[in-house]
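Have a look at the structure below before the remarks.
The values are calculated or read from the model by the stated rules, or taken from the named source; none is laboratory data. Bear in mind the structure is a predicted one, so any value in this text is a computation, not a measurement. Methodologically, a virtual Cβ is constructed for each residue, glycine included, from the backbone with ideal geometry; neighbour enumeration extends over all protein chains shown. Remember, those area values only see protein heavy atoms, side chains included, never the ligands or the DNA or RNA. Shrake-Rupley method; radii C 1.70, N 1.55, O 1.52, S 1.80 Å.
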Amino acid sequence: LYGSINTIGASLRTELNDCSVLGTATNAFDLCNSVSLINCEAAGAGSGITSNGDGFNIHNDAHIDHQYIYTHDNYDDGISSHENCFEFGLGAISEYNGGGGFTPAYGAQAVLHNPISRKNNGVTSRFNTNKNAGFECHAANAGGGDDLSTLTSLEVFNGVSIGDKNGFMDM
């Protein structure tokens, strides 16, 4: 409660099972390296004065696999992977977040099976993050420029968007 889980700097594989992070001032989960998440929940992240507030925030070439995660009521994205990360997910639910439900960005690659995005991206009046979709493939490579080897990609299989401003978007 009110504290985040941070694996940045961990040198070995991290496995998180049945963990909940509720009401943290910044990101609920800051993940790096190799992480497996099963039945984890992130809710109410971003209650501080910073612009952070993702439920699950993934960085620095991480390899993340998740099963049945639930992310809701966060200031920004439900789950957001960045900087050449690889994300594989099964059965995730993201709802009522101020940003996108599922938002890989800046060179990340995400493959999601059976995800549900519901009323994400600023649909509720208390959020205004200017995100546009429940499933948003956002921005190109982390370094900018013309390096096409690190473009962001998002593959969604059997995904559902309910009540989002836009269901699926490539920015």
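Points worth noting:
- Checking (i) 20.2, 66; (ii) 14.2, 43; (iii) 26.2, 82 against Rg and Dmax of the Cα atoms in Å calculated from these atoms, the matching label is (ii).
- Report note on the peptides 101-110, 38-47: ranked by the mean count of other C-beta atoms within 10 Å, highest first, their order is 101-110, 38-47.
- Dipole magnitude of segment 54-125 about its Cα centre (Cβ charges: Lys, Arg +1; Asp, Glu -1), debye to nearest 20: 260
- Solvent-accessible area, 1.4 Å probe, carbon plus sulfur percent, for the chain: 51
- Backbone phi angles across segment 59-65, fed through the Karplus curve with coefficients 6.51, -1.76 and 1.60 (θ = phi - 60°), yield HN-Hα couplings of 9, 6, 6, 6, 10, 10, 10 Hz in residue order; Gly and Pro are listed as x.
- Under 5 Å from the amide H of residue 108 lie the amide H atoms of 83, 84, 85, 153, each residue being 5 or more positions distant or on a separate chain, with H modelled from the backbone and absent for Pro and chain starts.
- Environment charge at residue 164 (Cβ cut-off 10 Å; Lys +1, Arg +1, Asp -1, Glu -1): +2
- The residue list 153, 1, 67 was ranked by how far each Cα lies along the charge dipole of the chain toward its positive end, using unit charges on Cβ atoms, and 1 comes out on top.
- Here the chain is treated with +1 on each Lys and Arg Cβ and -1 on each Asp and Glu Cβ, and its dipole about the Cα centre works out to around 440 debye.
- What segment 1-129 shows is 40 Å² of accessible area per residue, with the surface traced by a 1.4 Å probe over protein heavy atoms.
- Karplus-derived 3J(HN,Hα), 6.51/-1.76/1.60, for each residue of segment 70-77, Hz, glycine and proline x: 10, 10, 7, 6, 8, 5, 10, 6
- Calculated from backbone phi, Karplus (6.51, -1.76, 1.60) coupling profile of segment 113-118 in Hz, x at Gly/Pro: 10, 6, x, 10, 10, 9
- Label sites at residue 165 and residue 60, each approximated as a point 7 angstrom past Cα along Cα to Cβ, lie 3.1 nm apart.
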